[in-house]
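Colleague: For reference, the structure I am asking about is given below.
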Amino acid sequence: AGRDVGTLFLHPRSDLDSNESASEAPTPTAAAPVRATADEQARAARAGSRALQALTSSERSDVLTAVAEALRSHREAILEANRLDVEEAQTTGVAAPLLKRLSLTEEKLEVLIRGISDLAGVEEPIGRITSRTELSEGLVLEHKTTPIGVLLIIFESRPDSLPQIVSLALRSGNGLLLKGGREARRSNQALHRVITEAVEAASGGRVPGSVIGLIESREAISDLLKLDKLIDLVIPRGSNKMVSYIKENTRIPVLGHADGVCHVYVDKAAREDKALSVVLDSKTDYPAACNAAETVLLHEDVVGSIAGPLLRALRTAGVAIVGGPGAVRHGLVAAEQAAEGLGVEYGDKTIMVEVVRDMVAAVDHIHAHGSSHTEAIVTEDSGAAEAFLRNVDSACVFHNASTRFADGYRFGLGAEVGIATGRIHARGPVGVEGLLTTKWVLRSAGDEGPPGGQV
């Protein structure tokens with residue numbers, strides 16, 4: 001089983017008015033500082049992005065290194081802020097899965113610091129030439145990577161998300177507006193303060209701390225969604241209701257996903273030991289993660305063989321099993337444990353088991369009830385594996401591997417902003433590459449450039 005590190009888990013739990021997507025400001029007092037408006041914060045992030053792009057590659061790397069060092073030197077203050085958040089959440093009866101995500105430990109913080117340090121050393125992503133063509137003598141056209149601009153990211157009450165998102169934005173030269181969950185208010189404030197001070201100091205004041213804006217009022221979201229001329233991309237992390245609200249109330253492009261209904265299909269040519277290993281890790285390693293399996297599809301030929309040991313292993317691991325119509329019909333699950341739906345993200349130690357006729361039926365089930373996130377096949381038949389990998393239309397498809405591998409840290413991206421399940425721009429774990437766009441650069445080396453259109 002993998003460790004609970006490096007991943008930004010996207011777990012839909014709420015809408016804009018609830019725990020994970022909302023952040024309530026403290027009650028204002030006469031002495032409270034005047035907060036910048038949404039428009040002012042977006043403009044400041046835009047200016048900061050351009051200042052960040054003006055740095056050299058080594059200077060941007062130095063900024064990230066400084067951020068990592070600042071997090072290490074201020075770890076006690078950060079962990080204390082998080083302790084207060086966790087204590088308050090415990091008194092208000094926050095659910096156990098959310099409480100676990102809210103907690104920031106020494107180990108988690110050290111993993112974050114190492115990840116940011118690693119990201120500082122990656123190849124420069126900005127200005128990379130993807131193609132170069134000489135259109136005519138002395139006239140050269142280049143296609144180059146460039147930052148998207150200003151990103152608005154609304155994320156759950158998981159404070160370790162903030163440094164990872166910020167590090168990716170800094171490495172890719174993007175300005176950033178962050179809206180975290182209200183349960184992590186103190187943690188986010190502490191992290192934001194440490195990081196922005198480090199950015200300003202490491203850049204000699206050339207990049208203002210406002211390149212990273214922290215949004216602290218729920219009401220500001222609706223104002224930000226109107227700023228399509230200042231914000232270039234929204235990445236929401238939360239429930240279907242919240243994501244749908246954002247898509248319906250903004251003209252800004254939206255990237256991301258709401259559901260993580262991941263499947264493991266156990267083929268008729270699967271080995272029992274591999275089936276148990278893949279399914280158990282996919283479900284039990286971290287059930288609240290968006291890349292945890294929610295459905296096991298069993299080929300009907302394994303009902304009398306692998307199915308029994310697999311279900312026993314799941315129950316021994318504390319997993320509650322509900323059944324689809326096929327599983328109930330084959331007697332694998334009692335009728336009173338029938339699933340309420342075939343495309344449910346449980347987010348806990350519950351899994352649905354269903355029996356399918358063959359791999360084609362498994363693929364059809366995934367397309368009908370999945371969320372285009374991550375699917376896996378367990379089989380020793382290479383032909384069946386390749387057919388599954390080719391035909392399943394999801395962001396991540398695996399052969400004999402846990403769905404938990406769908407993660408930017410494990411993919412070698414250093415970190416991720418999230419996992420996108422759409423089909424435009426970026427798909428799957430979104431790292432630095434997903435936060436870049438391109439531009440065309442044309443250079444004329446002749447004494448007189450050719451007239452427009454005459455090349």
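Colleague: Of R271, R132, which has the most accessible area with a 1.4 Å probe, and how do the rest follow in descending order?
Modeller: Listed by decreasing accessible area, they come as R132, R271.
Colleague: For the residue pair V122 and K274, what label-to-label distance in nm results when each label sits 7 Å from Cα along the Cα-to-beta-carbon direction?
Modeller: 3.0 nm
Colleague: Moving on. Highest mean first, what order results for 84-91, 415-422 on Cβ atoms within 10 Å?
Modeller: Highest-to-lowest ranking by the protection proxy: 415-422, 84-91.
Colleague: I'd like the FRET efficiency for K247 and R83, computed as 1/(1 + (r/R0)^6) with the beta carbon distance as r and R0 of 25 Å, rounded to 0.05.
Modeller: E between K247 and R83, to the nearest 0.05, is 0.10.
Colleague: Express in Å², to the nearest 10, the accessible area of K349 obtained by rolling a 1.4 Å probe over the protein heavy atoms while all chains stay in place.
Modeller: Rounded to the nearest 10, the figure is 80 Å².
Colleague: Please report the accessible area of L141 (heavy atoms, 1.4 Å probe, ligands and nucleic acids excluded) in Å², nearest 10.
Modeller: 40 Å²
Colleague: Further question on the same structure: Compute for the stretch 318-455: radius of gyration divided by Kirkwood radius, i.e. Rg/Rh, restricted to C-alpha atoms, rounded to two decimals.
Modeller: Reported Rg/Rh, Kirkwood definition of Rh: 1.22.
Colleague: Check C262: other-chain or 5+ apart residues with amide H under 5 Å from its amide H, H built from backbone geometry?
Modeller: Excluding prolines and chain starts, which carry no amide H, the hits are E294, T295.
Colleague: Would you please report the Å³ per residue occupied by the convex hull of the alpha carbon atoms in the stretch 206-331?
Modeller: Value for the stretch 206-331: 187 Å³ per residue.
Colleague: Let me ask another. Given R₀ = 25 Å, FRET efficiency for A335-E300 by Cβ-Cβ distance, to 0.05?
Modeller: For A335 and E300, the calculated efficiency is 0.85.
Colleague: Per residue, how much accessible area does the chain have with a 1.4 Å probe, in Å²?
Modeller: For the chain, the solvent-accessible area averages 42 Å² per residue.
Colleague: Another question, if that's okay. Can you tell me the FRET efficiency between E134 and R206 if r is taken as the Cβ-Cβ distance and R0 is 30 Å, rounded to the nearest 0.05?
Modeller: 0.25
Colleague: Just how far, in whole angstrom, is the stretch 255-309 from the stretch 54-93 if you go by their alpha carbon centroids?
Modeller: 36 Å
Colleague: Based on alpha-carbon positions alone, could you give the equivalent ellipsoid semi-axes of the chain from the gyration tensor, as √(5λ), descending, whole Å?
Modeller: The answer is 40, 29, 19 Å, longest axis first.
Colleague: Still on this structure, I have one more. Show me, for the stretch 400-407, the HN-Hα J-couplings you get by feeding each phi into the Karplus relation (A = 6.51, B = -1.76, C = 1.60, θ = phi - 60°), rounded to Hz, glycine and proline as x.
Modeller: Using θ = phi - 60°, the values come out as 6, 9, 5, 5, 5, 6, 6, 7 Hz.
Colleague: Within the chain, what percent of beta bridges assigned by DSSP are antiparallel, to the nearest 5?
Modeller: 35 percent
Colleague: Once every DSSP H run of n ≥ 4 in the chain is given -39500 (n - 2.57) and the sum is divided by its residues, what mean residue ellipticity at 222 nm do you get, rounded to the nearest 500 deg cm²/dmol?
Modeller: When only DSSP H runs of four or more count, the value is -11500 deg cm²/dmol.
Colleague: Place a label point 7 angstrom from the Cα of N240 along the Cα-to-Cβ direction, then list the residues of the stretch 357-398 whose backbone nitrogen is under 11 Å away.
Modeller: Zone members listed by number: 369-371.
Colleague: How large, in percent, is the carbon and sulfur part of the accessible surface of the stretch 240-345 at a probe radius of 1.4 Å?
Modeller: Roughly 47 percent of what the probe reaches on the stretch 240-345 is carbon or sulfur.
Colleague: Tell me the Kirkwood radius of the stretch 77-184: reciprocal of the mean inverse pair distance over distinct alpha-carbon atoms, in Å.
Modeller: Taking every pair of different Cα atoms in the stretch 77-184, averaging 1/r and inverting gives 16.7 Å.
Colleague: In addition: Quick one: 3J(HN,Hα) in Hz for the stretch 101-116, Karplus 6.51/-1.76/1.60 with θ = phi - 60°, rounded, Gly and Pro as x.
Modeller: Once rounded to whole Hz, the list reads 5, 6, 6, 10, 10, 4, 5, 4, 5, 5, 4, 4, 4, 5, x, 5.
Colleague: Over 21 Å between Cα atoms, which of K229/K439; K247/K349; K247/K283; K179/K349; K144/K179; K100/K241 qualify?
Modeller: Listed pairs above 21 Å: K247/K349; K247/K283; K179/K349; K144/K179; K100/K241.
The values are calculated or read from the model by the stated rules, or taken from the named source; none is laboratory data. These numbers come from a predicted model, not from an experiment. Backbone-built Cβ (ideal geometry, glycine too); neighbour counts: all protein chains shown. Heads up: the accessible areas ignore ligands, DNA and RNA and are worked out on the full protein's heavy atoms, side chains in. Shrake-Rupley method; radii C 1.70, N 1.55, O 1.52, S 1.80 Å.
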